[in-house]
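Participant: My structure is below; once you've seen it, I'll send some questions.
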Amino acid sequence: MARSFSPLRYPGGKTGLYNLVSTILRINDLDRRPYAEPFAGGGGLALGLLYGGHVSEIHLNDIDPSIWAFWDSALNHNAAFIEKILSAEVTVEEWRRQREIYLAADLACPLDLGFAAFFLNRTNRSGIIKGAGVIGGLEQSGNYKIDCRFNREDLARRVARIAKYRRRIHLTRMDALDFLARADETLPRQTLLCIDPPYFNKGSSLYTSFYRAADHEALSQCILALHRPWIVTYDEAPEVCALYRSRPLHRVQVTYSVQTKRVAGEVLIPSPGLLVPDNLELLTA
């Protein structure tokens, strides 16, 4: 898949795994079945699989109130959200205003908060919402300007397309561990869970909701107890290999952009009995 269908830019987004995940669905007879992401983020991979007919429905969960608000707005207030995209002034002054809305999340309605997160995502460096500077700098003296990633017509089309699938997109705002703990009861049996936690290394600099070492350990215990098919993708770190040492680990190449575009080696871990393509490099057995 050449590009993300998500309106959001996401650091470490997994749209580049589209071909691999669609193959995993097919060889396990899970295609055209439900699909779930407990760390939905931008949801580019999930949307691509849904639009491509590889899954029947998607379950998107994200604990971040601003990301949840974006998805809620795209699904339930679609026309109003599109109007905001088409009418917004993409200036540093507006960036400051949207940043204030984002920082006062408890006071904002979901539509305003969701748009603030979207606006910052499209105008901040590398799409990092929290703590990153505006593209081009406050003086707009950089080579790229604040509006270089804000193609309003294309973004409006992406948001409009989400609404066409709204009956097949299920949204929750739960802690990922709670979502996974209930997965065996709440998700259909043949649902593939694609679990993409915050990076073990540098997660605090990329995500609004990041994990500490103890959180990663608790997550691994929850995942390994699941009775639904799952795959986990992680940055390749010794700590990750140790947490999932009971499972085969495969290296996959993912292209992502944080400041500069590069290809990174990541780890893919499948659930027991789940087939993966033979050409994946095996790290441990």
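The values are calculated or read from the model by the stated rules, or taken from the named source; none is laboratory data. In this text, all values refer to a predicted model and were calculated from it rather than measured experimentally. Note that we place each Cβ from the backbone using ideal geometry, even for glycine, and neighbour counts take in every protein chain shown.
Participant: Within 21 Å of Ala163 (Cβ to Cβ), surrounded by fewer than 21 Cβ atoms within 10 Å (Cβ to Cβ) and of a type outside the set (Gly, Ala, Ser), is that true of Asn19?
Facilitator: Details: within 21 Å of Ala163 (Cβ to Cβ): no; surrounded by fewer than 21 Cβ atoms within 10 Å (Cβ to Cβ): yes; of a type outside the set (Gly, Ala, Ser): yes.
Answer is no for this residue.
Participant: Does Leu226 satisfy being at pLDDT 95 or above and touching a Ser or Thr at 6+ places or on another chain (Cβ under 6 Å)?
Facilitator: Numbers: at pLDDT 95 or above: yes; touching a Ser or Thr at 6+ places or on another chain (Cβ under 6 Å): no.
In short, no.
Participant: How about the stretch 103-125: which of its residues are assigned to a helix (DSSP H, G or I), crowded, with 21+ Cβ neighbours inside 10 Å and without any contact (Cβ under 8 Å) to a residue 40 or more places away in the chain?
Facilitator: Phe119, Leu120, Thr123
Participant: Follow-up question, since we're still on this one. Based on what the data block shows, is Leu50 at pLDDT 95 or above, closer than 13 Å to Ile195 by Cα and outside any loop (DSSP other than H, G, I, E, B)? Talk me through it step by step, then tell me what you get.
Facilitator: Values: at pLDDT 95 or above: yes; closer than 13 Å to Ile195 by Cα: no; outside any loop (DSSP other than H, G, I, E, B): yes.
Criteria not met by Leu50.
Participant: Looking at the stretch 126-186, what helices (runs of 4 or more DSSP H) fall wholly within it and have at least 1 residues that are over 28 Å from Ile223 (Cβ atoms)? First the steps, then the outcome.
Facilitator: Working: elements: 152-164, 176-181, 183-186.
The helices (runs of 4 or more DSSP H) meeting that bar are 152-164.
Participant: I've got another one for you. Kindly establish whether Gly12 is modelled with pLDDT under 95 and of a type outside the set (Lys, Arg).
Facilitator: Details: modelled with pLDDT under 95: yes; of a type outside the set (Lys, Arg): yes.
Answer is yes for this residue.
Participant: How do the pairs read when you match residues in the stretch 55-76 that are more than 19 Å from Phe115 (Cβ to Cβ) and at pLDDT 95 or above with residues anywhere that are among the β-branched types (Val, Ile, Thr) and surrounded by fewer than 24 Cβ atoms within 10 Å (Cβ to Cβ), using Cβ under 6 Å and keeping only pairs 6 or more apart or on different chains?
Facilitator: Ile58/Ile169; Asn61/Thr172
Participant: A further question follows. Considering only residues that are closer than 16 Å to Phe70 by Cα and touching a helix residue (DSSP H, G or I) at 6+ places or on another chain (Cβ under 7 Å), which ones fall in the stretch 158-185?
Facilitator: Val159, Ala160, Ile162, Ala163, Tyr165, Arg166, Ile169, Leu171, Thr172, Arg173
Participant: Same structure again: Inside the stretch 61-79, can you point out the residues that are out of contact with any helix residue (DSSP H, G or I) (no Cβ under 6 Å at 6 or more places or on another chain) and among the aliphatic types (A, V, I, L, M)? Reasoning before the result, please.
Facilitator: Of all residues in the stretch 61-79, those out of contact with any helix residue (DSSP H, G or I) (no Cβ under 6 Å at 6 or more places or on another chain) come to 63-64, 67-68, 71, 76, 79.
Selection gives Ile63, Ile67, Ala79.
Participant: Does Tyr10 count as touching a Gly at 6+ places or on another chain (Cβ under 9 Å) and among the hydroxyl-bearing types (Ser, Thr, Tyr)? If you could, list the steps in order and put the result at the bottom.
Facilitator: On the way: touching a Gly at 6+ places or on another chain (Cβ under 9 Å): yes; among the hydroxyl-bearing types (Ser, Thr, Tyr): yes.
Answer is yes for this residue.
Participant: Here's a follow-up. Residues that are outside any helix (DSSP H, G or I) and buried (at least 16 other Cβ atoms within 10 Å of the Cβ): does the stretch 85-100 have at least one? Spell out the reasoning first.
Facilitator: So the first thing to find is which residues in the stretch 85-100 are outside any helix (DSSP H, G or I), and the list is 88-91.
When the remaining residues are screened for being buried (at least 16 other Cβ atoms within 10 Å of the Cβ), the result is 88, 90.
Yes.
Participant: Kindly establish whether Thr186 is surrounded by 13 or more Cβ atoms within 10 Å (Cβ to Cβ), among the hydroxyl-bearing types (Ser, Thr, Tyr) and more than 18 Å from the chain's Cα centre (by Cα).
Facilitator: Working: surrounded by 13 or more Cβ atoms within 10 Å (Cβ to Cβ): yes; among the hydroxyl-bearing types (Ser, Thr, Tyr): yes; more than 18 Å from the chain's Cα centre (by Cα): yes.
So Thr186 fits the description; yes.
Participant: Give the residues of the stretch 54-106 that are of a type in the set (Val, Ile, Thr) and in contact with a strand residue (DSSP E or B) (Cβ under 9 Å, 6 or more places away or on another chain), sorted by residue number.
Facilitator: First, the residues of the stretch 54-106 that are of a type in the set (Val, Ile, Thr): 55, 58, 63, 67, 82, 85, 90-92, 101.
Listed by number, the residues that qualify are Val55, Ile58, Val92.
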